[in-house]
Amino acid sequence: MARVCAVTGKKAMSGNRRSHSLRATRRKWNVNLQKVKIVVDGKPQTVKMSARALRALKVQQQG
């Protein structure tokens, strides 16, 4: 499974790493993925979910 959030579809972002001399080399910002067990169609499943999506899901369940 790729490093993609199962709920939001978020992927890694890319950009430049800048040294002190402002020389640019490519870098990547990965998504903060967590393995979570959730119930889908009455069955428990383990999915990779971003931390922000997990927080949003918990807030929805409380309110």
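Tabulated data for the structure shown
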| item | result |
| --- | --- |
| Top-ranked residue in the stretch 38-63 [being over 18 Å from VAL4 (Cα atoms) and of a type in the set (Lys, Arg); ranked as surrounded by the fewest Cβ atoms within 10 Å (Cβ to Cβ)] | LYS43 |
| Single unsatisfied condition, LYS35 versus (1) in a strand (DSSP E or B); (2) surrounded by 10 or more Cβ atoms within 10 Å (Cβ to Cβ); (3) among the basic types (Lys, Arg) | (2) |
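Since every read-out is calculated from the coordinates, none of them should be taken as a lab result. Please read these numbers as outputs of a predicted model, since none were measured by experiment. Using ideal geometry, Cβ is built from the backbone for each residue, glycine included, and neighbour counts are taken over all protein chains shown.
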